[in-house]
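Student: Can you keep this structure in mind? I'll have questions shortly.
The values are calculated or read from the model by the stated rules, or taken from the named source; none is laboratory data. Everything numeric here is computed off the predicted structure, so don't read it as measured data. Cβ coordinates were reconstructed from backbone atoms using ideal geometry, including for glycine residues, and neighbour counts include every protein chain displayed. Surface accessibility is based on the protein's heavy atoms, side chains included, excluding ligands, DNA and RNA. Shrake-Rupley method; radii C 1.70, N 1.55, O 1.52, S 1.80 Å.
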Amino acid sequence: MIIAIDGPSGTGKSTVAKGVAKKLGFLFFDTGAMYRSLAWKIMQEGAVSDEKAIGKILDVFQFDIQTSAEGEKRYFVENVDVTSKIRTQEISLLASQVSTLAIVRKALVKIQRRFGHRANAVFEGRDMGTVVFPDAELKIFLTASPDVRAERRYRELLLKFPDLAASLSKEQILSEIEERDHNDQTRAISPLKQAKDAILIDTSNLTAEEVIDRIVKAKAKIRRRKQYDPMKLSYAIVYHVVRVFFKLFYRLRIYGLPHFKKGAAIIAANHTSFFDPPVISISCPEEVHFLARDSLFRIPLLGRLIRILNSHPVARDASDASTFRQLVNLLQQGEKVILFPEGKRSETEELLPLEKGLSFLVYKSHCSIQPVYVSGARDAWKRGRKLPRLFGKISCIFGSSIEWEEFEDLEKRDAMEKITQRTELAIRSLKRWFEEGAQGEPP
Ligand code: DC
């Protein structure tokens, strides 16, 4: 789960984000420290207003975060500990300036998303809820009056740089805050703004503890609320009836649901049986889409049922152009689509080599891939049998999601090859995990 906390400086973002992470046992990422660390490096290299040189720095920029024995975060640029070096006034302003550059944002957003794939985390910054993690489960936007923010900044300086604090008036601090706000809010790319679905908290008259408490409560509420969008009524009815059917007759077990993420994805699964599409659909906690041969839609009851379950008719297979367009459209609307990248049903439990369709689709729509392994469906309804056996044991295992960012810097051919390899490997490792006893969470 990701909690995105955004807002201007002096609203208590870092203190609050740290506190929330500590209370919930989440990781904490201060993305401003990343912009600051880069600004420090740019200053070292004397590349302040040279975009070309900044590009070169970014190509080899090595940023690392380590946690000290006392639990404090330390920031490193090429093994130099920059933790306190990046908190000066000079670096504050330079970070704000360089963060307006497209090349800088692209590179840092990529690093942030990589950190975000690991686990439960609180990210604080300016564009966490709007750009970096638009699907974050909880988004918070903090504000405070300029006076309060200047006062907080002054107290922070007094603690960290007493000499500097003594040489500055409150008006100077306020005008520096206003200059940074102006930079951050008016830049063309990813300006600081509240995401539509973010909770706004004015921290002017609240203590850090009170703000932390509100956020922890908001998080508890989401956990209690359904995590996913409500299903259409007709979908929900068929979904639950089919689910009861599989639970009763095939003792359906579902693993790895915490890996299931919001947003567009191809649910890529092994394929051995006609049962695979309904089993996967009703194992997913939200509405998903799948393709079905158009002849199935002509069978009276079945045709109606699969239509309600968001299936889309295909003439031959998923490789024809109109099907491809249809799939890209669905993905671009943020939907999830079940796909069987082997292209046909395997006659054994072994995965067949994956076809290119999956990698084309991922390349075109930049969506993520949710690998899935279904076990037992082949025994329940083998190829060549007219009807299924009426009892059995089916399991559906969701693996951790494969993100588009892994491939975005590769040439088309390499990217497509890598997408196929990664997916194949992921499905195989789910199979192995299951066959070795299904201990803990699936990979
Ligand atoms: O939060 P901070 O003051 O440490 O951030 C330093 C600068 O970095 C800030 O002026 C704007 C920029 N920044 C950004 O553009 N996007 C982020 N996600 C975080 C910080």
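Student: Look at segment 343-380 and say how many of its residues are open to solvent by less than 40 Å² (accessible area, probe 1.4 Å) and within 23 Å of R253 (Cβ to Cβ).
Tutor: Number satisfying all stated conditions: 12.
Student: Just a yes or no: is a residue in segment 158-173 more than 28 Å from the chain's Cα centre (by Cα), more than 16 Å from the ligand (Cβ to nearest atom), closer than 18 Å to S92 by Cβ and among the basic types (K, R)?
Tutor: yes
Student: Suppose we keep only residues that are among the polar types (S, T, N, Q) and within 12 Å of the ligand (Cβ to nearest atom) within segment 84-93. Which one would you say is farthest from S37 (Cα to Cα)?
Tutor: Q89
Student: Right, next: Across segment 32-56, which residue is surrounded by the fewest Cβ atoms within 10 Å (Cβ to Cβ) among those that are part of a helix (DSSP H, G or I), of a type in the set (A, V, I, L, M) and within 16 Å of the ligand (Cβ to nearest atom)?
Tutor: This residue is M43.
Student: Which one of these is part of a strand (DSSP E or B) and either hydrophobic (A, V, I, L, M, F, W, C) or within 14 Å of the ligand (Cβ to nearest atom) (or both): V104, V122, V109?
Tutor: Testing whether each residue is part of a strand (DSSP E or B) and either hydrophobic (A, V, I, L, M, F, W, C) or within 14 Å of the ligand (Cβ to nearest atom) (or both) leaves just V122.
Student: Would you call T83 open to solvent by less than 10 Å² (accessible area, probe 1.4 Å) and in a loop (DSSP other than H, G, I, E, B)?
Tutor: For T83, the condition - open to solvent by less than 10 Å² (accessible area, probe 1.4 Å) and in a loop (DSSP other than H, G, I, E, B) - is not met.
Student: Being in contact with a Pro (Cβ under 9 Å, 6 or more places away or on another chain) and either surrounded by 15 or more Cβ atoms within 10 Å (Cβ to Cβ) or in a loop (DSSP other than H, G, I, E, B) (or both) is true for just one of L168, L157, L142. Which residue is that?
Tutor: Exactly one residue qualifies, and that residue is L142.
Student: Hey, another quick one. Please find, among S14, S96, S9, the residue that is within 9 Å of the ligand (Cβ to nearest atom) and surrounded by fewer than 20 Cβ atoms within 10 Å (Cβ to Cβ).
Tutor: Residue meeting the stated conditions: S14.
Student: Right, next: Can you name the helices (runs of 4 or more DSSP H) wholly within segment 232-334 that have at least 3 residues being hydrophobic (A, V, I, L, M, F, W, C) and open to solvent by less than 60 Å² (accessible area, probe 1.4 Å)?
Tutor: 233-250, 276-283, 321-332
Student: Across segment 59-76, what is the number of residues that are over 23 Å from G25 (Cα atoms) and open to solvent by less than 50 Å² (accessible area, probe 1.4 Å)? Step through it out loud before you land on a result.
Tutor: Restricting attention to segment 59-76, the residues satisfying the condition of being over 23 Å from G25 (Cα atoms) are 59-63, 76.
Checking the rest, the ones that are also open to solvent by less than 50 Å² (accessible area, probe 1.4 Å) come to 61, 63, 76.
So the count comes out to 3.
Student: Restricting to segment 355-379, name every residue that is more than 18 Å from F398 (Cα to Cα) and of a type in the set (V, I, T).
Tutor: Correct list: V362 only.
Student: A follow-up question, please. Which of the residues that make up segment 389-410 are under 30 Å from Q332 (Cα atoms) and either basic (K, R) or open to solvent by less than 30 Å² (accessible area, probe 1.4 Å) (or both)?
Tutor: S395, C396, I397, F398, G399, S401, I402, E403, W404, E405, F407
Student: Would you confirm whether or not segment 189-201 contains a residue that is of a type in the set (V, I, T), away from the ligand (no atom under 16 Å from the Cβ), open to solvent by 70 Å² or more (accessible area, probe 1.4 Å) and touching a strand residue (DSSP E or B) at 6+ places or on another chain (Cβ under 6 Å)?
Tutor: yes
Student: What are the pairs with Cβ atoms under 6 angstrom where one residue, in segment 28-39, is of a type in the set (F, W, Y) and the other, located anywhere, is crowded, with 24+ Cβ neighbours inside 10 Å and in a strand (DSSP E or B)? Sequence gap at least six, or different chains.
Tutor: What qualifies is F28/V122; F29/F123.
Student: In segment 378-399, what residues are touching a Pro at 6+ places or on another chain (Cβ under 9 Å) and either more than 21 Å from F290 (Cβ to Cβ) or small (G, A, S) (or both)?
Tutor: Passing the criteria: A380, G399.
Student: Of everything in segment 145-154, what is part of a helix (DSSP H, G or I) and over 14 Å from R87 (Cα atoms)? Give them in sequence order.
Tutor: P146, D147, V148, R149, A150, E151, R152
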